[in-house]
Amino acid sequence: MTRADRRKLANGVFVALCGIATAIALSLLVAILWALVGRGLGGMGILLFTSDQPAPGSIGGLRNAIVGSLIMCGLGMAGALVIGILAGTWLAEYASGTRTAATVRFLNDVLLSAPSILIGLFVYELLVAPFGGFSGYAGAVALAFIATPIVVRTTEDILLLQPAELREAGMAVGAGRALVIRRIMWRAARTGLLTGGLLGFARISGETAPLLFTSLGNQFFNADAAQPMASLPTTIFQFALSAYDQWQNLAWAGALLIAVAVLIVNIVGRILARESHLS
Amino acid sequence: MAEASASSAIERRGPGEALFRFACAGAATLLMTALAGVVVSLAIGGWPAFRAFGPAFLYTATWNPVTDVYGAAGPIVGTLLTATIALSFALPLALGVAVFLVEFCPARLATPIGIAIELLAGIPSIVYGMWGLFVLAPWFAAYIQMPIALSAEAGSWADTVFSGTPNGANIFTAALVLAVMILPYMAAVFRELFLTIPPHVREAAYGLGCTSLEVVHSITIPSVRRSIVGVVMLGLGRALGETMAVTFIIGNSHSLPRSLFDGGATIASTIANEFTEATGALHEASLVALGLILFLITFGVLAIARALLRSTDL
């Protein structure tokens with residue numbers, strides 16, 4: 001076999017292996033989506049949204065969990081947007097280029113991928129244990145801690161992408177830095193800021209671990225965040241591990257619901273990101 | 001008139017300026033305080049366990065709420081083992097997918113596949129956990145575990161390595177679910193990484209007559225080697241700290257795993273399963289101490305990852 005043949009053969013094997021890897025990966029992912037849609041679609045229906053979780057063996061829906069999830073994700077996201085946008089603005093506008101900013105950015109990136117169950121433990125020690133009880137607020141705080149680093153990261157990225165001339169033009173007409181940021185930079189970057197919010201929302205809407213010891217879960221309908229609160233992920237967790245067919249089917253329907261919601265939010269986020277030239 | 005409005009504008013600037021700057025710096029400080037708070041609260045909460053058991057907490061494998069004796073070796077080994085196995089499956093596959101999409105796949109197909117993989121990386125881990133529990137575990141028990149258990153002679157190496165209750169809930173299947181979970185994430189980041197290499201560098205190599213294998217081996221991979229290690233560490237960090245994909249399927253046994261197909265536990269799965277039902281103060285403290293150990297491990301891994309990825313935008 002000549003050298004050229006050997007090179008050709010080695011290359012052929014390599015191309016084939018890469019193709020096989022892609023085929024394996026795609027078929028695994030298709031298998032998961034197949035199971036999710038196949039088992040979850042049957043439970044989809046108006047009842048899922050209009051009735052609360054049933055006792056074992058009877059018919060019901062996931063209304064209490066859906067409402068709890070929306071309330072906690074909404075509260076958590078509100079907190080994460082305020083803290084995240086301000087902190088990201090500080091990194092991009094006030095501290096840009098300093099050592100402190102580099103350290104904060106580094107630690108923020110670490111926090112971005114820290115195990116979410118530890119955030120749950122932290123909030124338990126911070127809010128649940130001392131104030132005597134699980135609550136929707138504690139769950140929202142845990143979710144806010146998880147979403148904030150994402151918002152910080154996108155806020156900083158999008159502000160640094162804005163042309164320096166924008167800042168200079170604002171300064172030139174006599175506006176102070178804060179005014180320039182609030183009236184010009186944030187306005188120019190608003191699509192990017194929204195993207196950060198959406199990505200954060202998509203991330204926390206499926207989080208289970210941090211809610212286990214903060215909001216705990218609640219088998220009844222409850223819109224008062226001072227009380228323990230149900231959420232879709234924790235209810236799915238409980239139902240999937242139960243021995244009742246009805247509950248397991250509801251768990252699949254809930255999982256499909258979360259997955260679809262996360263996909264839609266992520267797709268919208270991607271479209272907005274492309275518009276604002278965030279990669 | 002003009003003077004008055006200018007001075008009032010400057011006055012308006014004064015306190016507002018300082019206040020806004022203060023709010024921004026305050027938000028950043030709050031975030032850093034939260035990170036410090038995680039370490040401090042885990043250290044304080046876990047302190048009774050470290051005081052009661054000393055360093056033996058790290059290397060003994062007794063986990064017994066009845067006698068109130070706790071050792072973390074089982075969950076620590078389970079965490080490291082599942083994450084390592086998961087990575088060894090996911091890494092070659094993810095690299096293969098990324099290379100295929102960047103080098104071989106026609107762009108018309110590569111872009112949609114790339115986007116689909118990126119979107120799948122965002123699916124909540126509880127979905128992967130349910131797939132593991134309801135689909136993978138029964139399949140694995142019926143088609144892999146049973147045949148091996150039936151064909152392995154008692155005392156042979158296969159019996160030692162693969163023994164275990166044939167229900168599909170074990171260290172190995174938990175690692176498989178983890179691998180499937182981090183696969184789209186790693187493939188998406190690798191692809192993004194390869195796309196940052198300027199195309200003319202690769203084209204030059206092709207122009208010299210290199211084959212695709214030679215371009216990938218001598219151009220693509222060496223030029224982003226540091227970042228590749230960084231991405232591997234990010235994937236490892238995810239696998240180490242993942243809770244829901246593992247808790248469903250690992251079997252929840254706290255002893256040291258005796259074989260690959262034996263039930264086990266990870267730090268995260270132990271905390272998720274027991275924390276709300278902790279029987280006493282020492283039990284709860286031991287779980288928080290486990291959390292501190294997990295934090296230190298993942299913080300180390302993620303810090304290395306971020307240091308290696310500093311030059312990139314990932």
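The values are calculated or read from the model by the stated rules, or taken from the named source; none is laboratory data. Because the structure is a prediction, the values reported are computed rather than measured. Backbone-built Cβ (ideal geometry, glycine too); neighbour counts: all protein chains shown.
Within segment B:230-241, is even one residue under 20 Å from A:LEU121 (Cα atoms) and either surrounded by fewer than 17 Cβ atoms within 10 Å (Cβ to Cβ) or over 20 Å from the mean Cα position of the chain (by Cα) (or both)?
No; the residues of segment B:230-241 include none that is under 20 Å from A:LEU121 (Cα atoms) and either surrounded by fewer than 17 Cβ atoms within 10 Å (Cβ to Cβ) or over 20 Å from the mean Cα position of the chain (by Cα) (or both).
Kindly state which helices (runs of 4 or more DSSP H) lie completely within segment B:96-172 and contain at least 1 residues that are out of contact with any helix residue (DSSP H, G or I) (no Cβ under 8 Å at 6 or more places or on another chain).
B:107-120, B:137-140, B:146-151, B:157-162
Could you please find all residues in segment B:54-87 being touching a Gly at 6+ places or on another chain (Cβ under 7 Å), crowded, with 20+ Cβ neighbours inside 10 Å and either more than 20 Å from B:LEU240 (Cα to Cα) or not small (Gly, Ala, Ser) (or both)?
Within segment B:54-87, B:PHE57, B:TRP63, B:LEU87 meet the criteria.
Before we move on, is B:ALA278 at pLDDT below 90, among the small types (Gly, Ala, Ser) and surrounded by fewer than 23 Cβ atoms within 10 Å (Cβ to Cβ)?
Criteria met by B:ALA278.
Among the residues of segment A:108-127, is any surrounded by fewer than 19 Cβ atoms within 10 Å (Cβ to Cβ), within 11 Å of chain B (Cβ to nearest Cβ) and either among the basic types (Lys, Arg) or in contact with a His (Cβ under 8 Å, 6 or more places away or on another chain) (or both)?
no
Which of the residues that make up segment A:104-125 are in contact (Cβ under 8 Å) with a residue 24 or more places away in the chain and either hydroxyl-bearing (Ser, Thr, Tyr) or in a helix (DSSP H, G or I) (or both)?
Answer for segment A:104-125, where residues must be in contact (Cβ under 8 Å) with a residue 24 or more places away in the chain and either hydroxyl-bearing (Ser, Thr, Tyr) or in a helix (DSSP H, G or I) (or both): A:ARG105, A:ASN108, A:ASP109, A:LEU111, A:LEU112, A:SER116, A:ILE117, A:ILE119, A:GLY120, A:LEU121, A:VAL123, A:TYR124.
Kindly check whether there is at least one residue in segment A:96-103 that is assigned to a helix (DSSP H, G or I), within 9 Å of chain B (Cβ to nearest Cβ) and crowded, with 20+ Cβ neighbours inside 10 Å.
No, because not a single residue in segment A:96-103 is assigned to a helix (DSSP H, G or I), within 9 Å of chain B (Cβ to nearest Cβ) and crowded, with 20+ Cβ neighbours inside 10 Å.
Going through segment A:1-60 one residue at a time, which ones are under 28 Å from B:ILE115 (Cα atoms), polar (S, T, N, Q) and surrounded by fewer than 17 Cβ atoms within 10 Å (Cβ to Cβ)?
A:SER27
Which residues, taken from segment A:39-53, are more than 10 Å from every other protein chain (Cβ to nearest Cβ) and either of a type outside the set (Phe, Trp, Tyr) or in contact (Cβ under 8 Å) with a residue 60 or more places away in the chain (or both)?
Within segment A:39-53, A:LEU41, A:GLY42, A:GLY43, A:MET44, A:GLY45, A:ILE46, A:LEU47, A:LEU48, A:THR50, A:SER51, A:ASP52, A:GLN53 meet the criteria.
Considering A:GLY132, A:GLY170, which residue is farther than 26 Å from A:GLY254 by Cα and assigned to a loop (DSSP other than H, G, I, E, B)?
Step by step, each of A:GLY132, A:GLY170 is checked, and only A:GLY132 is farther than 26 Å from A:GLY254 by Cα and assigned to a loop (DSSP other than H, G, I, E, B).
Could you list all residues from segment A:235-263 that are of a type in the set (S, T, N, Q) and assigned to a helix (DSSP H, G or I)?
Listed by number, the residues that qualify are A:THR235, A:GLN238, A:GLN246, A:GLN248, A:ASN249.
Have a look at B:SER286, B:SER269 and point out the one that is out of contact with any Leu (no Cβ under 7 Å at 6 or more places or on another chain), assigned to a helix (DSSP H, G or I), away from chain A (no Cβ under 11 Å) and buried (at least 16 other Cβ atoms within 10 Å of the Cβ).
B:SER286
Give segment B:56-97 a look and list any residue that's under 16 Å from B:GLY263 (Cα atoms) and of a type outside the set (A, V, I, L, M), or say none.
B:THR62, B:TRP63, B:GLY74, B:PRO75, B:GLY78, B:THR79, B:THR82
Table: residues versus (1) in contact with a Phe, Trp or Tyr (Cβ under 8 Å, 6 or more places away or on another chain); (2) buried (at least 21 other Cβ atoms within 10 Å of the Cβ); (3) closer than 30 Å to B:ILE126 by Cβ.
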{"position": "B:ALA152", "(1), (2), (3)": "yes, no, no"}
{"position": "B:GLY155", "(1), (2), (3)": "no, no, no"}
{"position": "B:PHE172", "(1), (2), (3)": "yes, yes, yes"}
{"position": "B:ILE182", "(1), (2), (3)": "no, yes, yes"}
{"position": "B:MET186", "(1), (2), (3)": "no, yes, yes"}
{"position": "B:GLU192", "(1), (2), (3)": "no, no, yes"}
{"position": "B:GLY207", "(1), (2), (3)": "no, no, no"}
{"position": "B:CYS210", "(1), (2), (3)": "no, no, no"}
{"position": "B:GLU214", "(1), (2), (3)": "no, no, no"}
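If the requirement is being more than 8 Å from chain B (Cβ to nearest Cβ), more than 25 Å from A:GLY42 (Cα to Cα) and without any contact (Cβ under 8 Å) to a residue 40 or more places away in the chain, which of these qualifies: A:ILE271, A:ILE204, A:ILE264?
A:ILE271
Please enumerate the residues belonging to segment A:180-211 that are touching a helix residue (DSSP H, G or I) at 6+ places or on another chain (Cβ under 8 Å), more than 21 Å from A:ALA261 (Cα to Cα) and either surrounded by 19 or more Cβ atoms within 10 Å (Cβ to Cβ) or not aliphatic (A, V, I, L, M) (or both).
Within segment A:180-211, A:VAL180, A:ILE181, A:ARG182, A:ARG183, A:MET185, A:TRP186, A:ALA189 meet the criteria.
Only one residue in B:PRO147, B:PRO112 is more than 7 Å from chain A (Cβ to nearest Cβ), at pLDDT 90 or above and exposed (fewer than 15 other Cβ atoms within 10 Å of the Cβ). Which one?
Residue meeting the stated conditions: B:PRO112.
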